[in-house]
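So the structure is just underneath, and the comments pick up after that.
The values are calculated or read from the model by the stated rules, or taken from the named source; none is laboratory data. Keep in mind it's a predicted model, so treat the numbers as computed, not measured. Backbone-built Cβ (ideal geometry, glycine too); neighbour counts: all protein chains shown.
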Amino acid sequence: MSDESTPHASAEYGENTTDRTHEVVAEWLFAHPGLHRILDLPCGEGAFVVRCLAEGRDALGADAQDFSRLGQDRFVQANMNEPLSLEDGSFDAVVSIDGIEHIERPFDFLDECHRILRPGGSLVVATPNITSLRSRWRWFWTGFHNKAKIPLDEKRPTYMHHINMISFPEIRYMLHRIGFEITDILTNRIKPAAWAYAPLAPLSFLATRLALIREEPDKSYHPMFREIIGQMHTKEILFGETMIVAARKKTEA
């Protein structure tokens, strides 16, 4: 690539996400040397692409509009609500940071991610953590979650609206239905205020376990329920600000 089209890691690129989210996702990604060819969607200004390039990865940014300062060889236009104009199995990893909560068709988007990943490739999704105790407490009293604290302006809709806030059980269901398996659950940070809800954690665990086991008499489902309850009660999900889920595309038998 020419110097003109190569982004420089020293340039200042806005991350437009919660603190440390890019850092945590990058640490996870770079710990896996087999994940070389990476798509970042939505890429915004291109900060995560630049981070990947600095690490020697082959990264491409994508977004519905080109807000980036990436060269034309490092950007492709892509709408997360529509089929992606990218080849099957052409990426080792897809990263989607603070994107899925903005789109109308999250299930279709994850299906497209599955299509463009090679077998064994990884998807990393970061989205506001509405399964945290702090967010659930706000919802209990107000009907609105953290990161979506007030009604959306329906007269002036914008792509910035959080129209699809997703809980952990919901994203797990979508990923597993499509053909992924969750490998890691992370968070960007745990704010000090979140620890104030720690006394509720044992009650949440017991209430959730009792409700799920009682609701389903078919015991063959209970191991799955126990796994989900355990994942929901990790410190990352109970107290984290952003939910970061890493999943692997299953290889065909």
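Quickly run through region 230-250 and pick out the residues that are within 21 Å of residue 178 (Cα to Cα) and either touching a Ser or Thr at 6+ places or on another chain (Cβ under 7 Å) or among the hydroxyl-bearing types (Ser, Thr, Tyr) (or both).
Step one: filter region 230-250 for residues within 21 Å of residue 178 (Cα to Cα), giving 231-232, 243-250.
232, 243, 244, 246, 247, 248, listed by residue number.
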Those residues of region 93-139 that are over 21 Å from residue 52 (Cβ atoms), in a helix (DSSP H, G or I) and among the acidic types (Asp, Glu) come to a total of 3
Within region 66-103, restricting to residues that are among the charged types (D, E, K, R) and in contact with a Lys or Arg (Cβ under 7 Å, 6 or more places away or on another chain), the one that is surrounded by the most Cβ atoms within 10 Å (Cβ to Cβ) is 92
Checking 15, 23, 101 in turn, the sole residue that is touching a helix residue (DSSP H, G or I) at 6+ places or on another chain (Cβ under 6 Å) and within 25 Å of residue 159 (Cα to Cα) turns out to be 15
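Tell me the residue from 94, 125 that is at negative phi, touching a Cys at 6+ places or on another chain (Cβ under 9 Å), of a type outside the set (Asp, Glu) and without any contact (Cβ under 8 Å) to a residue 60 or more places away in the chain, please.
Working: 125 fails: without any contact (Cβ under 8 Å) to a residue 60 or more places away in the chain.
That would be 94, the only listed residue that is at negative phi, touching a Cys at 6+ places or on another chain (Cβ under 9 Å), of a type outside the set (Asp, Glu) and without any contact (Cβ under 8 Å) to a residue 60 or more places away in the chain.
Give the residues of region 48-61 that are among the small types (Gly, Ala, Ser) and surrounded by fewer than 24 Cβ atoms within 10 Å (Cβ to Cβ), sorted by residue number. Spell out the reasoning first.
Of region 48-61, the ones among the small types (Gly, Ala, Ser) are 54, 56, 59, 61.
Result: 54, 56.
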Output for Cβ contacts, cut-off 8 Å, separation at least six or different chains, first residue of a type in the set (A, V, I, L, M) in region 60-81, second at pLDDT below 85, reads 64/159; 70/7
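Loosely packed, with under 14 Cβ neighbours inside 10 Å, farther than 22 Å from residue 230 by Cα and under 17 Å from the mean Cα position of the chain (by Cα), is that true of residue 160? Don't jump to the end; show me each part of the working.
Details: loosely packed, with under 14 Cβ neighbours inside 10 Å: yes; farther than 22 Å from residue 230 by Cα: yes; under 17 Å from the mean Cα position of the chain (by Cα): yes.
Taking the combined requirement at face value, the residue satisfies it.
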Inside region 62-92, the number of residues satisfying the requirement of being outside any loop (DSSP other than H, G, I, E, B), touching a helix residue (DSSP H, G or I) at 6+ places or on another chain (Cβ under 8 Å) and farther than 17 Å from residue 52 by Cβ is 1
With criteria (1) farther than 30 Å from residue 199 by Cα; (2) charged (D, E, K, R); (3) within 13 Å of the chain's Cα centre (by Cα), residue 87 comes up short on (3)
Residue within region 111-122 that is within 23 Å of residue 236 (Cβ to Cβ) and under 10 Å from the mean Cα position of the chain (by Cα) present
no
